Amino acid sequence: MCSALGKVLCLGKEMFLKQAFALSRVTAARESPICAVGSTLLSCNRHYRSQPTHGIGRFRHLLPPELSKKKRDRIQMKEISAGSDHEYGDLNIQMTAYDMCLVEHFAQYVHKLCNRLSIRVNESYAMPTKTMEVMVVQEQGSKQYLDAVLTTHQRVVQITGLSSTFAPILLEVIQSNQPEGVHLSVKKHTEADFKVRLKARPELEELMAQMS
C-alpha cells in the first residue's frame, strides 16, 4: 500500500514539474526577442521600425496641403507685360486646325522648343472647341441642307520676354516645322484673350449691372 502511494506521489510531482517547465518556456519565448521554431531561430520583434530607413516610400507629408474646391480663389487676370524697346511683352502663339491630335502635338513641339531656347513660357492652354455647319443651297430652289460639320481646335502657347533680334529666328524655325493643315498666328496678349477663356454668365452680369 505504501509503495503504491509513493508511486502516485512521484507521478504527481513529475506532472507538476512538466507543466511548470512548459509554462516557463512559453513566458520566456514571449519575453525574449528570439523564438525557436523547429530547428530555426526567428526574431519575434521588428527592429527595423527604429531604424532611419523606416518610412521609405511615404511622400504625402512632403506635398503642400491641397485646398478644397470651395476655398479656391477665383481665377484672376495677371498683369500684362508691355515689353521694352529690345524685347516683346506677352505674346500668344495660336495654332488652329481641324485635327485635334495634329494641333496638340504641334503645340507640344512649340512648348518644348521654347524651353530649349530658354524662352519663358507663361502658360500653355486649349481654347474652347468651335463647331461650324456648312449649308448648301439646292440647284433648283432656295432650300438649304446640311453638307458638313467642321470642328476647329485651337491651342495657345503664351511666351514673354522674347528678344526682338531672336524673334525672326524663332518664327522661322516654327514655320519650317509647321505641319500641313495647321494655321499659325502670333499676336500680343490682351485682356479680351483672357476673358474668352472664361464661360459667359449673362444672368450674373445683368444682376451686377442692376446692383451697380
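The values are calculated or read from the model by the stated rules, or taken from the named source; none is laboratory data. Just so it is clear, the model here is predicted, and its values are computed rather than measured. All Cβ positions, glycine included, derive from the backbone under ideal geometry; neighbour counts span all protein chains shown. Accessible surface is based on the protein model in full, side chains and every heavy atom, while ligands, DNA and RNA are left aside. Shrake-Rupley method; radii C 1.70, N 1.55, O 1.52, S 1.80 Å.
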If you scan the range 185-196, which residues turn out to be over 14 Å from LYS78 (Cα atoms) and either within 25 Å of the chain's Cα centre (by Cα) or among the charged types (D, E, K, R) (or both)?
LYS187, LYS188, VAL196
With criteria (1) closer than 21 Å to LYS188 by Cβ; (2) open to solvent by 50 Å² or more (accessible area, probe 1.4 Å), GLY161 comes up short on (2)
Across the range 166-209, which residue is most open to solvent (accessible area, probe 1.4 Å) among those that are touching a residue at least 12 places away in the same chain (Cβ under 8 Å) and among the hydroxyl-bearing types (Ser, Thr, Tyr)?
THR190
Where SER163 falls short, out of the listed (1) touching a Leu at 6+ places or on another chain (Cβ under 8 Å); (2) touching a residue at least 60 places away in the same chain (Cβ under 8 Å); (3) within 18 Å of TYR88 (Cα to Cα):
(1)
Consider LEU204 carefully, then state whether it is of a type in the set (A, V, I, L, M, F, W, C) and not in a strand (DSSP E or B).
yes
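Which residues, counting only those in the range 91-128, are hydroxyl-bearing (Ser, Thr, Tyr) and within 10 Å of ARG155 (Cα to Cα)?
Within the range 91-128, THR96, SER124, TYR125 qualify.
Here's the yes/no breakdown for (1) over 29 Å from LYS195 (Cβ atoms); (2) at pLDDT 90 or above; (3) of a type in the set (Ser, Thr, Tyr); (4) part of a strand (DSSP E or B):
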site: LEU113; (1), (2), (3), (4): no, yes, no, no
site: GLU123; (1), (2), (3), (4): no, no, no, yes
site: MET132; (1), (2), (3), (4): no, no, no, yes
site: MET135; (1), (2), (3), (4): yes, no, no, yes
site: GLY141; (1), (2), (3), (4): yes, no, no, no
site: PRO168; (1), (2), (3), (4): yes, yes, no, no
Some residue of the range 106-121 being of a type outside the set (A, V, I, L, M, F, W, C), in contact (Cβ under 8 Å) with a residue 12 or more places away in the chain, surrounded by fewer than 16 Cβ atoms within 10 Å (Cβ to Cβ) and in contact with a His (Cβ under 8 Å, 6 or more places away or on another chain)
no
If you check MET77 against the conditions, is it at pLDDT below 90 and in contact with a helix residue (DSSP H, G or I) (Cβ under 6 Å, 6 or more places away or on another chain)?
yes
